[in-house]
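Engineer: Submitted below is the structure of interest, expressed as structure tokens.
Coordinate-derived values only; no laboratory data. Everything quoted here is computed from the prediction, not taken from an experiment. Cβ sites come from the backbone with ideal geometry, for glycine too, and all protein chains shown count toward neighbours.
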Amino acid sequence: MIFDDTYKEVKNPSSGIYKEKGSKFISYCFPVYTQKDVKDRMEEVKKIEHSASHYCYAFVLNPDKSSQKISDDGEPSYTAGKPILRQILSNDLTNILIIVVRYFGGVKLGIPGLIRSYKTAATDAIINSQIITKILKEQFEVCFKYYQMNDVMRLVKEFNLEVIKTDFHIDCKLIFTVAKSKSLRVEKTFKNNHELTIKYLKTS
């Protein structure tokens, strides 16, 4: 999936609510980063809302939104999880879990009513959240000799690199991060100096 340097997340947990024909839909929105985070939050909500009739959810993980999952939890197919997911994607969010719990009010809502209810509850939780923009960065390690220090630090300053860790002895090491869009140019510039080595570490 193609994506740029920036991606959006929710900063803190939030909640929302929607009522229709006696049924109550309570939504919970969480920042999550792993499948374990998702599982822990699900267990947390089930303890809080222990008498609900359905626990439907959708989550999206990773800056490129490469991991997505929905659950209708007993509701008719695609009437709950998919409307929740649509609201996440339409707001261009990732690393997010939205759970919508339903308390049945005795009146069947039909397919359109269910879709509307889960969508609106999810939207309310998003509206009540604080959305932040993050920059996708790549991390590199540079190894060089002490006498090359000035050259290396000049490049650090030129590209406005964020230095994470340094080890300045006879054999020096420096770890930095750079926005993904600049990483190829930065890496190539360092590699043009054949007396040092640069190694990609990770993307975050």
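Engineer: Compute the relative contact order of the chain as a whole-number percentage, counting only Cα pairs closer than 8 Å that sit 6 or more residues apart in sequence.
Structural biologist: Computed over the chain, the figure is 26 percent.
Engineer: Which of the lysines could be linked to residue 182 by a straight reach, that is with a Cα gap under 27 Å, when you skip same-chain ones fewer than 8 residues away?
Structural biologist: 8, 11, 65, 134, 137, 145, 157, 165, 173, 191, 199, 202
Engineer: Under a crude label model (7 Å from the Cα following the beta-carbon direction), how far is residue 47 from residue 62 in nanometres?
Structural biologist: 3.1 nm
Engineer: Next up: How big is the antiparallel share of DSSP beta bridges in the chain, given as a percent to the nearest 5?
Structural biologist: Taking every DSSP beta bridge with both residues in the chain, the antiparallel ones total about 100 percent.
Engineer: Based on Cβ point charges of +1 for Lys and Arg and -1 for Asp and Glu, what charge dipole magnitude is obtained for region 23-152 about its Cα centre, in debye rounded to the nearest 20?
Structural biologist: 400 debye
Engineer: Still on this model: Scan region 135-204 for GluC sites (Glu not before Pro) in coil per DSSP, keeping those whose Cβ has at most 14 other Cβ atoms within 10 Å, and list them by number.
Structural biologist: Here the GluC sites (Glu not before Pro) that fit, given the DSSP loop and packing criteria, are 195.
Engineer: Here are several values of volume of the Cα convex hull per residue in Å³: (1) 123; (2) 131; (3) 106. Which one was derived from the coordinates shown?
Structural biologist: Of the listed options (1) 123; (2) 131; (3) 106, (1) comes from this structure.
Engineer: Between 135, 26, 170, find the one with the highest GNM mean-square fluctuation for the chain; connect C-alpha pairs within less than 10 Å.
Structural biologist: With Cα springs under 10 Å in the chain, the top fluctuation among 135, 26, 170 is at 170.
Engineer: Sticking with this one: Placing +1 at every Lys and Arg Cβ and -1 at every Asp and Glu Cβ, with all other atoms neutral, what dipole size does region 137-203 have around its Cα centre, in debye to the nearest 20?
Structural biologist: 260 debye
Engineer: Given the options 40, 167, 64, state which has the largest fluctuation in a GNM of the chain using a 10 Å cut-off (strictly under) for Cα springs.
Structural biologist: Comparing 40, 167, 64 in a Gaussian network model of the chain, the most mobile one is 167.
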